[in-house]
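Below are the structure tokens for one structure; questions will follow.
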Amino acid sequence: MKVKRLRFDAWCLRAVVLELQSLVGIECQNAESLGEHGVALQFWDGRPHWVHIRSHPDHYGIRLGAAPPRGERMPWVMTLRRSLNRATLVAVEQIALERLVDLVFDQSGSKYVLTCELMGKNSNIILRDADDRVASAARFTGKSRSERAILPGRAFERYPREPSAMLSRTNPSGPGGLSPFVQKLLQEYSPEHVLDRLAEVSAKATLVPGFGVTPIPLSTETLQELFGDQVVPKRFNSISEALAEYESAEPEPERESLRHRLRVQLERIEHARATAVRGLEDAADTARRASELQERGNLILAYQGSIQPGDKMLKTYDEQVIPLNPELTPVENAEAYFLRARKAKHGSDEVNEQLERMRSELVTVRSLITLADQATTDEQLLEVKKEAATRNWLQIQVAPQTKPKDRPFEGHAIKELLAPGGYAVFYGENSDANDFLTMRMGKPNDWWLHVRGAPSTHVLIRANNQPERVPKETLTWAAVIAAKHSPSKHAQMVPVDYTLKRYVRRPKGSKPGFVTYTHEKTIHVNPTGKT
């Protein structure tokens, strides 16, 4: 039988609260992450007691449980651990008959409240300090995305809905929620009968494979009448034991959630690298045609006497057809071909280097996507995540909103390259592009480079707000780009300054591209790439 997601209703919570009452008066001594959406709190009275709390949209609830495996602690869990270390649990309070519970702690005379909102996609775990302000939360939300704001330091607001009419047939998914058991009871019996049964809820529970867990005392005959003759219920003296066994048969929501997020981010990188490879292949093809472009320019000069104003092509004696710009003179057309040939020849080494790196990255990201799809354990998925993180592929950047027809970098002549280590490097091709790159694109903690004491392109390394992690190899590589695009490109050794963008200023009234800077360090490079 296919196992359904557990429907954790207000009566399950009521039964768990009865169990948690036994922990009142005991100190909390540890907190461990249960994936990204959960926490396990350890209480100690000579032996450990663990309370598992999950706020995953498909896997939410609270129960007693075993010691969790040690994993990566989420930042919000670290805040819980610091705040609740050696704090005494003084109360466990269910709010009305809802899926809302407060764990109240005393920390050396200061009150902390851990509010657990266990309501499907609206689930959250919120730590409130002595001033009833939000100290930490599994999920922070602003007013634009929720009915209330849950933000650090902000006054806590209770869940905005009024307690639902728990037995209302018209609102089975309100804050309290209705499990399959309660819904079935309402279909077969009067509300008065159901209320009588609910009043008998205790910490004991029944598990019905395929349907869920209920602390409502129901006989085997009643369960078979409601869910079919083949139902074989299992009885437990503890609601937490019943929940743990049911959860063990569920799909792993944390694993699937991590797999989905990794795939979305890796596919974004795959698309970007595939697009870059196609563009670089076109550029490499143009570079290989440098001699052909040079020859076309020579032929135009040789045949310029036979070219008439407005001609769109030149046909040579050996049947070659050379496209012409009818608005240019023959000499201007030839110069245009010579310029394209020089650019193609000059950039061929850089294009080929980038093409090789992009192709390698494309193979790697596709292999990581395959590994993520095939992973069967949390450890395997975390290895994929770790590898992607070391390549800076998990840095989510929100692109500015632009019109579909807008050109990249708002039309400025800016080139983007991929440096060793996976860092994005940008440089401008003229003064306006340099000005836009430095003053508009640059972020305070990005690295900025410029040839010392001489004109050069501005170079920017996107540091993802962690400039200290950018390796020397990447800085040297970017310095070579600055030296190559300067009058010193033929020198044996060129000094290149680098500093954080926060220290770069454009004097008032100065021309675009002119800046001053401080806090610089200098690196000497050979424009051929040899240090």
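Going through the range 20-38 one residue at a time, which ones are under 16 Å from ALA244 (Cα atoms) and at pLDDT 95 or above?
Across the range 20-38, the qualifying residue is only LEU20.
When ARG82 is evaluated against the numbered criteria (1) in contact (Cβ under 8 Å) with a residue 60 or more places away in the chain; (2) open to solvent by 60 Å² or more (accessible area, probe 1.4 Å), which criterion, by number, is the only one it fails?
With respect to (1) in contact (Cβ under 8 Å) with a residue 60 or more places away in the chain; (2) open to solvent by 60 Å² or more (accessible area, probe 1.4 Å), ARG82 is out only on (1).
Among what's in the range 59-75 and is assigned to a loop (DSSP other than H, G, I, E, B) and touching a Leu at 6+ places or on another chain (Cβ under 9 Å), pick the residue that is surrounded by the most Cβ atoms within 10 Å (Cβ to Cβ). Walk me through it before giving the result.
Going through the range 59-75, the residues assigned to a loop (DSSP other than H, G, I, E, B) turn out to be 66-74.
If we keep only those that are touching a Leu at 6+ places or on another chain (Cβ under 9 Å) as well, we get 68, 71-72.
Numbers: PRO68: 16, GLY71: 13, GLU72: 11.
My answer is PRO68.
For VAL365, are the conditions met, namely being closer than 30 Å to ARG296 by Cα and either among the β-branched types (Val, Ile, Thr) or modelled with pLDDT of 85 or more (or both)?
no
What are the residues in the range 419-462 that are among the acidic types (Asp, Glu) and more than 25 Å from VAL365 (Cβ to Cβ), if any? Don't jump to the end; show me each part of the working.
Step one: of the range 419-462, the residues among the acidic types (Asp, Glu) are 429, 432, 435, 446.
Across the range 419-462, the qualifying residues are GLU429, ASP432, ASP435.
Follow-up question, since we're still on this one. Tell me, which residue of the range 25-56 that is out of contact with any helix residue (DSSP H, G or I) (no Cβ under 6 Å at 6 or more places or on another chain) and within 21 Å of GLU98 (Cα to Cα) is surrounded by the most Cβ atoms within 10 Å (Cβ to Cβ)?
Among those that are out of contact with any helix residue (DSSP H, G or I) (no Cβ under 6 Å at 6 or more places or on another chain) and within 21 Å of GLU98 (Cα to Cα), it is SER55.
Check whether at least one residue in the range 92-106 is among the hydrophobic types (A, V, I, L, M, F, W, C), open to solvent by less than 60 Å² (accessible area, probe 1.4 Å) and under 24 Å from LEU382 (Cβ atoms), and report yes or no. Spell out how you get there, then give the answer.
We begin by selecting, within the range 92-106, every residue among the hydrophobic types (A, V, I, L, M, F, W, C); these are 92, 95-97, 100-101, 103-105.
Subset that is open to solvent by less than 60 Å² (accessible area, probe 1.4 Å): 92, 95, 97, 100-101, 103-105.
Pick out the ones that are also under 24 Å from LEU382 (Cβ atoms) and you get none.
No, the range 92-106 contains no residue that is among the hydrophobic types (A, V, I, L, M, F, W, C), open to solvent by less than 60 Å² (accessible area, probe 1.4 Å) and under 24 Å from LEU382 (Cβ atoms).
For the range 496-511, check the following and say yes or no: at least one residue is part of a strand (DSSP E or B), over 23 Å from GLY421 (Cα atoms), modelled with pLDDT of 90 or more and open to solvent by 70 Å² or more (accessible area, probe 1.4 Å). Outline the logic, then answer.
Filtering the range 496-511 down to residues part of a strand (DSSP E or B) leaves 496-500, 504-505.
The next check asks that each one be over 23 Å from GLY421 (Cα atoms); those that pass are 504-505.
Still in the list and also modelled with pLDDT of 90 or more: 504-505.
Those left that are additionally open to solvent by 70 Å² or more (accessible area, probe 1.4 Å): 505.
There is at least one residue in the range 496-511 that is part of a strand (DSSP E or B), over 23 Å from GLY421 (Cα atoms), modelled with pLDDT of 90 or more and open to solvent by 70 Å² or more (accessible area, probe 1.4 Å).
Residues that are more than 22 Å from ARG154 (Cα to Cα): which strands (runs of 3 or more DSSP E) entirely in the range 77-131 hold 1 or more of them? Walk me through how you get there before you give the answer.
Numbers: elements: 87-94, 100-107, 110-117, 124-128.
By residue number, 87-94.
Let me ask something additional. Considering only the range 107-124, I want to know if a residue exists there that is hydrophobic (A, V, I, L, M, F, W, C) and surrounded by fewer than 17 Cβ atoms within 10 Å (Cβ to Cβ). Write out each step before concluding.
Residues of the range 107-124 hydrophobic (A, V, I, L, M, F, W, C): 113-114, 116, 118-119.
When the remaining residues are screened for being surrounded by fewer than 17 Cβ atoms within 10 Å (Cβ to Cβ), the result is none.
Scanning the range 107-124, I find no residue that is hydrophobic (A, V, I, L, M, F, W, C) and surrounded by fewer than 17 Cβ atoms within 10 Å (Cβ to Cβ), so the answer is no.
Continuing with this model, one more query. How do the strands (runs of 3 or more DSSP E) wholly within the range 412-491 filter down when requiring 3 or more residues that are farther than 23 Å from VAL351 by Cβ and at pLDDT below 90: which remain? Before you say what the answer is, go through the steps one by one.
Values: elements: 414-418, 424-428, 447-451, 459-461.
No strands (runs of 3 or more DSSP E) qualify here.
Follow-up question, since we're still on this one. Within the range 341-357, identify whether any single residue is open to solvent by 80 Å² or more (accessible area, probe 1.4 Å), part of a helix (DSSP H, G or I), in contact (Cβ under 8 Å) with a residue 60 or more places away in the chain and basic (Lys, Arg), and answer yes or no.
No - not one qualifying residue is present in the range 341-357.
Restricting the search to the range 442-458, which residues are crowded, with 20+ Cβ neighbours inside 10 Å and under 27 Å from the mean Cα position of the chain (by Cα)? Quick ask: steps written out before the conclusion?
Here is the first cut: in the range 442-458, the residues crowded, with 20+ Cβ neighbours inside 10 Å are 442, 446-451, 456-458.
Listed by number, the residues that qualify are GLY442, ASP446, TRP447, TRP448.
Hey, does the range 501-524 have a residue that's in contact with a Gly (Cβ under 9 Å, 6 or more places away or on another chain) and farther than 26 Å from GLU410 by Cα?
The answer is no, given that none of the residues of the range 501-524 is in contact with a Gly (Cβ under 9 Å, 6 or more places away or on another chain) and farther than 26 Å from GLU410 by Cα.
The values are calculated or read from the model by the stated rules, or taken from the named source; none is laboratory data. These numbers were taken from a predicted model, which means no experiment stands behind them. When we count neighbours, we look across all protein chains shown, and the Cβ atoms used for this are built from the backbone with ideal geometry, even at glycine. The protein model used for the area step is the full one, side chains on, heavy atoms only, and it has no ligands, DNA or RNA in it. Shrake-Rupley method; radii C 1.70, N 1.55, O 1.52, S 1.80 Å.
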